[in-house]
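Undergrad: My structure is below; once you've seen it, I'll send some questions.
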Amino acid sequence: MIAGSNLEKVINSGKFVVSGELGPPKGSDITQLKHHAEEMKDHVDAYNITDNQTAIVRTSSIACGSTLVQMGLEPIIQITVRDRNRICIQSDVLGAQALGIKNILCLSGDHQNFGNEPASKGVYDIDSMQLLKGLKDMRDENHFIGGDELESPSSYYLGAVANPFADPFEYRVDRLEKKVKAGASFIQTQCIFDIERFEKWMEMVRARGLHKKIAIMGGVTPIKSLGAARYMKNNVSGITIPDSLIERIKGAEKKKVEGLNVCVETIQRLQEIEGVAGVHIMAIAWEEVVPEIVERAGLYPRPKL
């Protein structure tokens with residue numbers, strides 16, 4: 001049997017898990033990605049490698065994930081259904097596993113109209129739920145989506161995403177439950193700025209006992225400036241930023257410092273919420289602050305399992 005992932009081991013140990021995020025470049029030079037990975041080393045348990053995020057063409061998540069494996073680090077590659085049919089998805093997953101990649105995050109992907117190739121055709125041969133179920137069956141039942149048997153066993157840790165802030169709010173937990181049934185073992189959420197709304201979502205999660213069936217990792221993003229906060233509030237779908245937080249950043253003499261303070265405080269509150277298994281830090285274009293955030297949140301050193 002192929003050795004399990006470090007992410008899975010930390011989650012199963014009951015320790016508060018920490019993951020970071022790396023965005024591949026819009027070119028083939030991944031020097032900076034490797035540099036950021038080294039900066040975060042020993043501060044995160046695994047690294048998300050995004051898959052053409054915001055529908056902008058970037059270096060392959062699998063290629064970048066393979067590079068991290070060679071560096072002795074653990075990637076979580078993202079696989080979207082936007083760009084691949086089921087043949088390509090299954091082929092890519094087998095290729096990723098052959099390269100030593102042990103974690104896969106399944107998601108739909110941002111619509112191609114938002115990216116730099118708006119004339120491209122979205123594939124969406126299967127949806128994210130079917131992706132989870134298909135990959136679970138490949139791993140657990142040893143057969144492809146079409147029914148043929150695999151020639152060798154598969155072993156990977158499956159995750160998905162959740163947005164506790166999208167409307168209609170009351171259906172957010174229904175969708176999470178479907179992903180649990182489809183095969184997800186861990187969930188990474190949308191960026192949390194409205195902690196009260198997130199806590200209400202977690203109350204509904206606990207009411208159904210879902211926190212005992214899946215590891216929920218709260219997503220956080222350090223705010224770099226007042227402009228960034230306002231942009232996310234007004235332009236990024238699915239993100240809720242309270243006016244009180246905007247005012248806090250506005251009134252701060254040092255906006256970046258206050259943004260980091262908010263991020264650390266959010267992580268500390270997440271650690272107190274029953275059912276939250278960890279945090280996913282998305283320091284977009286600000287990866288160098290991840291070690292500071294982890295240390296200030298009291299999550300360093302990371303467990304060695």
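Undergrad: Search the structure for amide H atoms under 5 Å from the amide H of GLU74, placed 1.01 Å from N in the peptide plane, and list their residues when 5 or more places away or on another chain.
TA: Answer set, sorted by chain and number: TYR47.
Undergrad: Here is a follow-up. Excluding ASN85 itself, what net charge comes from residues whose Cβ is under 12 Å from its Cβ, given Lys and Arg +1 and Asp and Glu -1? It would help to have the intermediate numbers written out before the result.
TA: Working: positive: ARG82, ARG84, ARG86, LYS121; negative: ASP83, ASP92, ASP125.
Result for the local shell: +1.
Undergrad: Then there's this: Just flag the GluC sites (Glu not before Pro) in segment 184-282 sitting in loop per DSSP whose Cβ has no more than 15 other Cβ atoms within 10 Å.
TA: On the way: sites: GLU196, GLU199, GLU203, GLU247, GLU253, GLU258, GLU265, GLU272, GLU274; in loops: GLU253, GLU274.
Here the sparse-neighbourhood loop sites are GLU253, GLU274.
Undergrad: Tell me whether the chain comes out rounded, prolate or oblate; compute the Cα gyration tensor, take square roots of the eigenvalues as a ≥ b ≥ c, and use a/c under 1.5 as the rounded threshold.
TA: Working: a/c = 1.41, a/b = 1.37, b/c = 1.03.
Rounded shape, in that the Cα axes give a/c under 1.5.
Undergrad: Once you list every other residue whose beta carbon is under 14 Å from the beta carbon of PHE165, what net charge do they have if Lys and Arg are +1 and Asp and Glu are -1?
TA: Numbers: positive: ARG172, ARG175, ARG197, LYS200, LYS233; negative: ASP167, GLU170, ASP194, GLU196, GLU199.
Taking every Cβ under 14 Å from that of PHE165, the sum is 0.
Undergrad: Per the helix-only calculation at 222 nm, which mean residue ellipticity applies to the chain, given -39500 (n - 2.57) for every DSSP H run of n ≥ 4 and division by its residues, nearest 500 deg cm²/dmol?
TA: Values: 11 runs with 122 residues, N = 305.
It comes out at -12000 deg cm²/dmol, rounded to the nearest 500.
Undergrad: With θ taken as phi - 60° and the coefficients 6.51, -1.76 and 1.60, list the Karplus ³J(HN,Hα) couplings across segment 70-82 in order, rounded to whole Hz; mark glycine and proline as x.
TA: Rounded to whole hertz, the list is 5, 7, x, 10, 10, x, 10, 7, 8, 10, 9, 8, 4.
Undergrad: Also, I was wondering about something else. Any idea which of TYR124, GLY251, GLY4 is furthest toward the positive side of the dipole for the chain, if Lys and Arg beta-carbons carry +1 and Asp and Glu beta-carbons -1?
TA: About the Cα centre, the residue reaching furthest to the positive side is GLY251.
Undergrad: Any chance you could check the Cα centroid distance between segment 62-92 and segment 187-219 for me, in angstrom?
TA: So the two Cα centres are separated by 26 Å.
Undergrad: Roughly what % of DSSP beta bridges within the chain run antiparallel, to the nearest 5? Provide the component values of the computation, followed by the final result.
TA: Details: 1 of 34 bridges.
Around 5 percent antiparallel, to the nearest 5.
Undergrad: I would also like to ask the following. With Cβ to Cβ distances under 12 Å as the rule, what net charge do the other residues near LYS255 carry (K, R +1; D, E -1)?
TA: Numbers: positive: LYS224, ARG230, ARG248, LYS250, LYS254, LYS256; negative: GLU253, GLU258.
Once positives and negatives cancel, what remains is +4.
Undergrad: Here's another thing I want to ask about it. Under a cut-off of 18 Å between alpha-carbon atoms, report the lysines in cross-link reach of LYS26, not counting same-chain residues fewer than 8 places apart.
TA: LYS34
Undergrad: Between rounded, prolate and oblate, where does segment 1-142 land on the alpha carbon gyration tensor, with a ≥ b ≥ c its root eigenvalues, rounded for a/c under 1.5, else prolate if a/b exceeds b/c?
TA: On the way: a/c = 1.84, a/b = 1.17, b/c = 1.58.
It comes out oblate by the Cα gyration axes.
Undergrad: Under 8 Å for C-alpha pairs, at least 6 residues apart: give me the relative contact order for the chain, rounded to a whole percent.
TA: Result for the chain is 20 percent.
Undergrad: Considering only DSSP states other than H, G, I, E and B, which GluC sites (Glu not before Pro) in segment 109-157 qualify as loop sites with at most 16 other Cβ atoms within 10 Å? List each step's numbers first, then the result.
TA: Values: sites: GLU141, GLU149, GLU151; in loops: GLU141, GLU151.
Those satisfying the criteria are GLU141, GLU151.
Undergrad: Which whole-Hz couplings ³J(HN,Hα) result when phi for each residue of segment 130-144 is put into the Karplus expression 6.51 cos²θ - 1.76 cosθ + 1.60, θ = phi - 60°, listed in order with x for Gly and Pro?
TA: Per residue, the Karplus-derived 3J(HN,Hα) values read 5, 4, 4, 5, x, 6, 4, 5, 4, 6, 8, 9, 6, 9, 6 Hz.
Undergrad: Using the Cα centre of segment 6-295 as the reference point, and only Cβ charges (+1 on K/R, -1 on D/E), how large is the resulting charge dipole? Debye, rounded to the nearest 20.
TA: Values: 34 positive and 40 negative charges, 87 e Å.
Computed charge dipole of segment 6-295: roughly 420 debye.
A short reminder: the numbers here are calculations on the coordinates, not readings from a lab. A quick note: this is a predicted structure, and the numbers were derived from the prediction, not measured. Every residue, glycine as well, gets a Cβ built from its backbone with ideal geometry; the counts of neighbours run over all protein chains shown.
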